[in-house]
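Student: My questions all concern the structure below.
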Amino acid sequence: MSVSGDLPDLYIGGAWVHSSDGGKRELINPADGSVVAVVDEATSDDATRAVAAARATFDEGSWPATPVSERAALLTRIADLLVRDKELLARIETDDTGKTLVESRIDIDDVVSVFRYYAELIAVSSDRLVDVGDPTVISRVVREPIGVCVLIAPWNYPLLQISWKIAPALAAGCTMVAKPSEVTPLSTIAFVRLAEEAGVPPGVLNLVQGSGAVLGAALTDTDDVDLISFTGGLATGRRIAEIAARRVTKAAVELGGKNPHIVFADAEWESSVDQVLTGVFLHSGQVCSSGTRLIVEESIADDFVAELAKRAAKIKFGNGLDPASETGPLVSEQHREKVEAYVALGISEGAKLVVGGERPTDPTFATGSFYPPTIFDRCDRTMRIVTEETFGPILTVERFTTEEEAIMLGNDTEYGLAAGVRTSDAARGERVVRALRHGTVWLNDFGYYTAAAEWGGFKKSGNGRELGPAGLAEYQEMKHIWHNT
Ligand code: NAD
């Protein structure tokens with residue numbers, strides 16, 4: 001399997017093709033600035049042809065009518081091939097994103113579990129019989145594929161995020177156009193080759209990659225699409241939701257987060273220190289559910305922050321291929337500049353910089369987009385580093401004295417994706433967890449999820465759900481069949 005060289009990288013109607021205008025994009029390894037691959041950059045016409053191929057394949061009817069058992073078997077074959085190619089896919093992900101190989105391997109394992117989960121779920125009928133009080137009537141609610149789906153993904157978990165869409169869309173019997181981020185398309189290209197090998201019929205899964213600004217209208221501003229499933233930033237999601245609203249197209253948007261991690265004074269110390277650090281510095285903070293706002297009880301705050309700072313300074317960042325690296329670089333030079341601008345903003349807003357805050361000077365890091373774990377103490381709700389998603393290795397610290405204040409601060413964000421609560425008081429834990437307006441809340445843990453439980457956001461973190469039964473329902477229509485016997 002290859003994803004570079006002269007092979008075409010766009011997959012439309014079951015054929016691998018080059019970009020129609022010959023356009024190419026160089027992909028840069030953020031760990032050392034080298035060129036990882038040169039891939040085809042789709043044009044707007046290519047995207048239109050991909051949507052048309054998905055539309056024609058759906059309307060022709062054989063894929064949506066394929067027995068559920070066959071679709072489940074296809075998902076299982078894909079999962080098996082993912083296992084076979086795990087090392088290759090993990091390496092591609094690390095080269096493209098900079099994340100450590102350990103993280104990439106976990107991502108691929110999670111992708112496998114998503115395909116296995118939906119293979120099992122789709123095999124269980126969700127049709128419902130309804131008693132209408134008339135024995136001559138059989139009333140049934142059945143689920144059918146929603147139709148043509150456009151699946152747009154971000155760069156931080158490239159294959160993982162797009163698999164949360166492709167797996168349920170295939171399971172449901174939809175056809176689709178996948179559009180990975182132009183920053184990190186390689187694992188999705190490799191995946192589509194693997195899906196072809198598994199036997200996905202031509203036209204069911206189409207692939208284009210390139211700039212969202214160029215391809216966006218062709219993919220979203222069209223009545224040929226029945227569902228847009230988007231994961232990315234709030235500004236892009238809002239634009240897509242506006243287009244979808246005008247066309248009355250269903251749009252499920254999964255957006256950013258500004259996630260609080262609340263630590264009460266009675267929390268278990270060691271695991272709290274560990275998980276506050278990994279919760280924010282994993283993948284250099286480029287995680288939608290990153291616990292970027294520490295909200296800590298005043299009585300332990302000084303000691304807790306001092307311990308965090310001491311340990312954060314020792315976190316080993318470096319090339320993701322080096323087993324000693326605990327975290328990799330930022331995804332690109334452009335993104336590092338954005339993170340640096342937030343650090344400068346934090347300083348100008350009066351937050352107290354306690355660790356990090358400057359790009360490394362060691363020549364080992366000269367060609368990569370590295371940035372150290374950075375902590376700001378004495379932050380408050382008026383600061384933009386506390387309210388805006390920085391998407392980098394930046395932890396802000398706010399302090400509280402009462403449970404009510406902790407909850408108020410935890411909910412004081414336009415986002416509502418994820419939150420953490422740490423306390424040894426079970427009753428308080430339950431009260432706070434239930435009071436937080438976030439889609440996932442971890443109690444005395446942080447960062448975990450499973451394919452079987454829904455993932456998504458309250459408030460501006462989005463309007464849909466991925467994973468779990470609801471993640472499949474996004475790709476289905478419900479039809480009520482009233483049969484007078
Ligand atoms: P982004 O919004 O810049 O891009 C996301 C995708 O949208 C890319 O594929 C991009 O090419 C495409 N795009 C851009 N403009 C478009 C347009 N006009 N029409 C159609 N598509 C367009 O986001 P990003 O920087 O790639 O990703 C980071 C963001 O993703 C963060 O905000 C992060 O929190 C969020 N995210 C959310 C989740 C979640 O589960 N809620 C998961 C991962 C990432």
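We did not get these values from a lab; they are worked out from the coordinates using the rules stated. Nothing here was measured: the structure is a model prediction, and the numbers come from that model. Heads up, the Cβs are rebuilt from the backbone with ideal geometry, glycines too, and the neighbour counts pull from every protein chain shown.
Student: Out of all the residues in segment 109-117, is one or more within 16 Å of the ligand (Cβ to nearest atom), under 16 Å from residue 451 (Cα atoms) and either assigned to a loop (DSSP other than H, G, I, E, B) or of a type outside the set (Asp, Glu) (or both)?
Tutor: Looking through segment 109-117, at least one residue is within 16 Å of the ligand (Cβ to nearest atom), under 16 Å from residue 451 (Cα atoms) and either assigned to a loop (DSSP other than H, G, I, E, B) or of a type outside the set (Asp, Glu) (or both).
Student: Still on this structure: Suppose we keep only residues that are in contact (Cβ under 8 Å) with a residue 24 or more places away in the chain, in a loop (DSSP other than H, G, I, E, B) and of a type outside the set (Gly, Ala, Ser) within segment 307-321. Which one would you say is surrounded by the most Cβ atoms within 10 Å (Cβ to Cβ)?
Tutor: That would be 319.
Student: So, one more: Select from segment 231-271 the residues that are near the ligand (Cβ under 8 Å from one of its atoms) and not in a helix (DSSP H, G or I) and list them in ascending order.
Tutor: 231, 232, 233, 254, 255, 256, 257
Student: Now, a different point. Residues of segment 359-412 being within 21 Å of residue 326 (Cα to Cα), of a type in the set (A, V, I, L, M) and crowded, with 21+ Cβ neighbours inside 10 Å, which ones?
Tutor: Answer for segment 359-412, where residues must be within 21 Å of residue 326 (Cα to Cα), of a type in the set (A, V, I, L, M) and crowded, with 21+ Cβ neighbours inside 10 Å: 375, 394, 395.
Student: To continue, here is another question. Filter segment 413-454 down to the residues that are farther than 30 Å from residue 124 by Cα, polar (S, T, N, Q) and surrounded by fewer than 22 Cβ atoms within 10 Å (Cβ to Cβ) and list them by number.
Tutor: Those that are farther than 30 Å from residue 124 by Cα, polar (S, T, N, Q) and surrounded by fewer than 22 Cβ atoms within 10 Å (Cβ to Cβ): 424, 444.
Student: Next up: Kindly list the number of the only condition in (1) within 16 Å of the ligand (Cβ to nearest atom); (2) of a type in the set (Val, Ile, Thr); (3) over 17 Å from the mean Cα position of the chain (by Cα) that fails for residue 440.
Tutor: (3)
Student: Related question: Please pick out the residue among 411, 463 that is under 23 Å from the mean Cα position of the chain (by Cα), away from the ligand (no atom under 15 Å from the Cβ) and more than 27 Å from residue 314 (Cα to Cα).
Tutor: 411
Student: Within 27 Å of residue 334 (Cα to Cα), within 16 Å of the ligand (Cβ to nearest atom), part of a loop (DSSP other than H, G, I, E, B) and within 16 Å of the chain's Cα centre (by Cα) - does that describe any residue in segment 157-173?
Tutor: Yes: one or more hits.
Student: A further question on this structure: Does at least one position in segment 472-484 carry a residue that is free of Cβ contacts under 8 Å to residues at least 40 places away in the same chain and within 15 Å of the ligand (Cβ to nearest atom)? Give the steps one after another, and end with the answer.
Tutor: First, pick out the residues of segment 472-484 that are free of Cβ contacts under 8 Å to residues at least 40 places away in the same chain: none.
For segment 472-484, residues free of Cβ contacts under 8 Å to residues at least 40 places away in the same chain and within 15 Å of the ligand (Cβ to nearest atom): absent.
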